[in-house]
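Below you'll find the structure, written out as structure tokens, and then a few comments.
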């Protein structure tokens, strides 16, 4: 977008970076205006965001839950100075909407085309509202008494929309979008005199997943019980699932040459937005080396096509979904009216077989089994095998990670659990890492190995309370041994091994993400070894030596780098002490990346842009 002359903004919620407000945030991804990571969550334009302005510099706006619970302290003041001052319709002031409107007005006055990625936290939990008037309205509409207790309000899991909190939140989202559109409709386009901004603007509304069906109540009556949130009927499932209720999202478009009231039933995906936004902005087609998974669907929006087409002109016939995390643990292919699901956690949920095949639509396009109630895997073996083979080929081609089985699961022992190899030893020689494990007929064969490492596994390298970030590096698998070279600047590393039954074996104990046998906390504080500090510093010194040679050949000043190398070589000869090793790594990394040499561009040296790192 920037290369096409656009100024861009991302406002509020961001789920592409690290934990909490960690790097990389929106600015690192190329947005011109957005928040900085770290303490304070400040936006990067002092004209629009003044931390001293407690009303306007309120990051969460009206989504912020009421305190101490969701039925207390509703805003009631019409005083303009109040943080949530009510307007004439009883709606509280929303700093998120206010910031978005002020940003659009600023770039409009600068005669710049703009792209706003407006990502409010509505309708994400916790489920509450600051808008008392709307909550009263939906309580009455749904026949629910206005709550006096913060606990359960949608009792008994009714098979309909019966949660007034959720409805009020959705109403607030609708109002936010309406205000943005109203601004576009009422505001002159300085680059097109006599016309309004709306005439030359695409407005797209979508979600990131299907509706959440239920959620535990935080406090009050029924604390801990699950409360009905929304109803996705006739679709099966919801958020965190890979049935249609979790995958399907609303998608509404308004814009130039988009027919009003039109409906297009061609399946698309949010990955299509990258090439579509490029087309809307008049950007040049992507370079040959930029392989896009998505399709430009602008012709679909404008009614000029009835299929999604890749950049090479081929029609997309299949769509793939891969979700290996604990709950869904599945891969999916959609092709024509058919959908096949491959479930990895067989036995964990006895109602879900490994392969599930559903016919969502008939050949004439009419709905068949949108609720995915009938598994046709056994009755249609030819279609099952066709789709499964195509799905498996895609998983292999994209190197899609499969979930691991937890060998320490308590209770029922899954097949192969008694054959999981044990780790025999860990060792390190300079920056060469090694782990040895059991072999033999009584043990399953290890079939995969990789090194998972972090370069900020120290509080001295984190700008905020965010945890460290972990990355993958290749490992070599031999007979009873796996080896790897520590990436430059690695503070800690762990080998991840997979046996032939998909069980996970680590070079040392790592608690599961969730489920049984987990321990309090996560990260390097749980490691007893982790190949800590020295191997990564050795690799970084080697990288620095190479950078020095290249810089000298190019006639660049290497005084600062030489000094950092000399200090680091002294540190690496000493006993491992976190602070001295961390400071040596930081100095080396800074000195290398300050030069115009190939080593300065290594991804491992550019994973973060933070003060401490």
message: Quick check on this structure: which one of 334, 352, 405, 342 is outside the structural domain of residue 499 (by TED's automatic domain parsing), touching a strand residue (DSSP E or B) at 6+ places or on another chain (Cβ under 7 Å) and free of Cβ contacts under 8 Å to residues at least 12 places away in the same chain?
response: 352
message: When you scan segment 551-561, do you find a residue that is without any contact (Cβ under 8 Å) to a residue 12 or more places away in the chain and either at positive phi or part of a loop (DSSP other than H, G, I, E, B) (or both), even just one?
response: yes
- request: Please indicate, with yes or no, whether at least one residue in segment 470-486 is farther than 17 Å from residue 401 by Cα, modelled with pLDDT under 95 and in contact with a strand residue (DSSP E or B) (Cβ under 7 Å, 6 or more places away or on another chain).
  value: no
field: Complete set of residues in segment 278-296 that are within 20 Å of the chain's Cα centre (by Cα) and either at pLDDT 90 or above or loosely packed, with under 13 Cβ neighbours inside 10 Å (or both)
entry: 294
- request: Say whether the condition of being crowded, with 17+ Cβ neighbours inside 10 Å, touching a residue at least 60 places away in the same chain (Cβ under 8 Å) and under 21 Å from residue 178 (Cα atoms) is met by at least one residue in segment 73-87.
  value: no
query: In the list 415, 421, which residue meets the criterion of being closer than 30 Å to residue 539 by Cβ and in a loop (DSSP other than H, G, I, E, B)?
result: 421
- prompt: Somewhere in segment 254-268, is a residue touching a residue at least 60 places away in the same chain (Cβ under 8 Å) and under 25 Å from the mean Cα position of the chain (by Cα)?
  reply: yes
task: Scan (1) buried (at least 20 other Cβ atoms within 10 Å of the Cβ); (2) assigned to a helix (DSSP H, G or I); (3) under 29 Å from the mean Cα position of the chain (by Cα) for the single condition residue 613 breaks and write down its number.
output: (2)
message: Whether any residue in segment 249-261 is at pLDDT 95 or above, part of a loop (DSSP other than H, G, I, E, B) and in contact with a helix residue (DSSP H, G or I) (Cβ under 6 Å, 6 or more places away or on another chain) is what I want to check.
response: yes
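Per-residue answers, yes or no, for (1) out of contact with any helix residue (DSSP H, G or I) (no Cβ under 6 Å at 6 or more places or on another chain); (2) modelled with pLDDT under 95; (3) surrounded by 13 or more Cβ atoms within 10 Å (Cβ to Cβ); (4) closer than 21 Å to residue 587 by Cβ:
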{"position": "509", "(1), (2), (3), (4)": "yes, yes, yes, no"}
{"position": "517", "(1), (2), (3), (4)": "yes, yes, no, no"}
{"position": "527", "(1), (2), (3), (4)": "yes, yes, yes, no"}
{"position": "535", "(1), (2), (3), (4)": "yes, no, yes, yes"}
{"position": "538", "(1), (2), (3), (4)": "yes, no, yes, yes"}
{"position": "546", "(1), (2), (3), (4)": "no, no, yes, yes"}
{"position": "562", "(1), (2), (3), (4)": "yes, no, yes, yes"}
{"position": "566", "(1), (2), (3), (4)": "yes, no, no, yes"}
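The values are calculated or read from the model by the stated rules, or taken from the named source; none is laboratory data. Worth saying up front: this structure is predicted, and the values here are computed from it rather than measured. We place every Cβ from the backbone using ideal geometry, glycine too, and count neighbours over all the protein chains shown.
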